[in-house]
Amino acid sequence: VQKLNRLWYFNTHVALGLNKHHLDRNQGLIESSEISTDSLSPDYHRDYRFIRPGLSLQRNTEKNQLSLSIGAEWSDLNQILWDETIGKQQYFYLKPRINYNSQYKAGRRFEVSYSTGLQLPGIHQLMPVVSTLNPLSLYQGNSSLEPEYQHNAGVEWRVFDEFSFTSFFARLSANYTENKIGMARTISENLEQYATPVNVAWGYGGNGSFNFSTPIRPLDIEISLDANERFNRGINVINDQENIGTYLTHSLRFEVNNRNKNVWDVEMGASVSMTDSWFSIQENLNNRYFNFNYFGSLRWTPADRFNMQVDADVRNYNARSFDEAISIPLIGAEANVYFLSGNRLVVSLIAADILNKNTGLKRISDVNYLMQQTSNVLGRYFMVSVKYRFNQMGRLGKGG
């Protein structure tokens, strides 16, 4: 780092690295003994070496910071399958970056940024041996994949009023990816599927988020509102045709809690999200998901050495493509008693999933199927916990 004058700084840096990945997979018939099929059982290595130099100029004042930088990446990717080199690619990319940050007034901050990045294909995306774990859905990596080159831009505004304790936060961001890694699928008349990753021309998206929180002193409460809009668009290939998928997600969360938490700490709220997805071909696969969530917690601390808490969370899943909505209520409770000086010993009684309704739920809507997957998870249980702190500094206090 070199100081040029009172405001400007010049910075140079260089990074050298080597990433090595190894995948050894066995596939075959499992009967009385395991019989591996050599052609389906790869021994694959992915080695990535890089040099990343960079230059930057920084200008710092009491209220404003500006950073301009230009980086580069020289790299080579070497792939070895069964001790034979199957691909060796070399890359060179420029990676510019700009960031401006201004605290133009007390409690007011504005920031704008632009950056570029490189995303390498993963080892499972590159490894070119077919996986037959699911005979109806074969997958094969692509050793010729190119890295994704990403552009990211964002603007952010923060406001905090130290007198009213009101805060406001807003952010807009956008991204564009060259050589985006998408999925190419071939689907037969029997709905058998073969999939492999490929580079497509582009993928892009954007995100807008908003947060507002403020106290309401006559009621001695604080409210918070979060809103988020997310947009993504990308290309997948289905039976040699480009299928452009567009995804739009709207989410809203409202929360209220009390301000005086000496004895009672109460929090409650709700959130809702809706996801729209539509496609340029096979429009019958267009879908809309709704998720609702209600939550609340109640904490009671009548004394320094005792507290108890009850938490509730109700999750609702609904989608146009599925037959019915699903509601999962989760309720838990906990009581803590503290002993010894500094509350170093705590004994807790915990009750989890009191209604025994917890379940692992996963819903997927893909280009040729709908799937609802329910998994066995740990349900209702009760537990006694004993914890002791050897460090005498500080206090656990009320549930800390």
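The values are calculated or read from the model by the stated rules, or taken from the named source; none is laboratory data. What you see is a predicted model; the values in this text were computed from it and never measured. Don't worry about glycine lacking a Cβ; one is built from the backbone with ideal geometry, like all the others, and counts go over all protein chains shown. Heavy atoms of the whole protein, side chains included, go into the accessibility calculation; ligands, DNA and RNA do not. Shrake-Rupley method; radii C 1.70, N 1.55, O 1.52, S 1.80 Å.
Worth pointing out:
- Region 51-120, dipole about Cα centre (Lys/Arg Cβ +1, Asp/Glu Cβ -1), debye to the nearest 20: 700 debye
- Global form of region 105-231, assessed from the alpha-carbon gyration tensor, a/c cut-off 1.5: prolate
- In this simple spin-label model, placing a label point 7 Å from the Cα along the Cα-to-Cβ direction at both Asp24 and Phe169 gives a separation of 4.6 nm.
- Note on Kirkwood radius over Cα pairs in Å: of the candidates [x] 22.5; [y] 29.9; [z] 26.8, the value calculated from this structure sits at [z].
- FRET efficiency for the Ile70 to Asn293 pair, using the beta carbon distance and R₀ = 51 Å, is estimated at 0.70.
- Amide N of region 122-141 lying under 20 Å from the label point, which is placed 7 angstrom from the Cα of Ile80 along Cα→Cβ: 122-129
- At an R0 of 25 angstrom, the distance between the Cβ atoms of Asn232 and Leu133 translates into a FRET efficiency of 0.30.
- Where labels lie 7 Å past Cα in the beta-carbon direction, separation of Phe160 and Phe382 in nm: 4.4 nm
- Paramagnetic reach from Ser39 in region 190-214 [backbone N under 14 Å; point 7 Å along Cα→Cβ]: none
- Panel note: the C-alpha atoms of region 12-167, placed on their principal axes, show extents of 75, 39, 21 Å (largest first).
- For Ile350 and Gln140, the difference between the fully extended length at 0.36 nm per residue and the C-alpha to C-alpha distance is 70.9 nm.
- About its Cα centre, the dipole of the chain is roughly 2140 debye, where the only charges are +1 on Lys and Arg Cβ and -1 on Asp and Glu Cβ.
- With DNA, RNA and ligands ignored, accessible area of Lys20 (1.4 Å probe; Å², nearest 10): 130 Å²
- Rounded to the nearest 20 debye, the dipole size of region 147-212 about its Cα centre is 60 debye, using +1 on the Cβ of Lys and Arg and -1 on the Cβ of Asp and Glu.
- Ser280 - accessible surface, heavy atoms, 1.4 Å probe, Å² rounded to 10: 60 Å²
- Cα lying deepest toward the dipole's positive end in the chain, options Leu40, Ile216, Asn152, charges on Cβ: Ile216
- Inter-site label distance for Arg108 and Ser280 at 7 Å from Cα along Cβ, in nm: 4.5 nm
- FRET E, pair Glu62, Phe212, Förster distance 22 Å, beta-carbon r, rounded to 0.05: 0.20
- Selection of GluC sites (Glu not before Pro), region 169-204, meeting DSSP coil and at most 11 other Cβ within 10 Å: Glu189
- Annotated for the chain: lysine pairs at least 8 residues apart or interchain, Cα distance under 21 Å, count 7.
- Farthest toward positive dipole pole in the chain [+1 Lys/Arg, -1 Asp/Glu at C-beta], among Asn64, Phe254, Asn142: Asn64
- In the context of the full set of protein chains, residues of the chain present 60 Å² of accessible surface per residue (probe radius 1.4 Å, heavy atoms only).
- Carbon + sulfur, % of accessible area of the chain - ligands and nucleic acids excluded, 1.4 Å: 55 percent
- Relative contact order computed over the chain (Cα-Cα under 8 Å; 6+ residues apart), in percent: 7 percent
- The 3J(HN,Hα) values that the Karplus relation (6.51, -1.76, 1.60; θ = phi - 60°) gives for region 327-334 are, in residue order, 10, 10, x, 10, 10, x, 9, 8 Hz. Gly and Pro appear as x.
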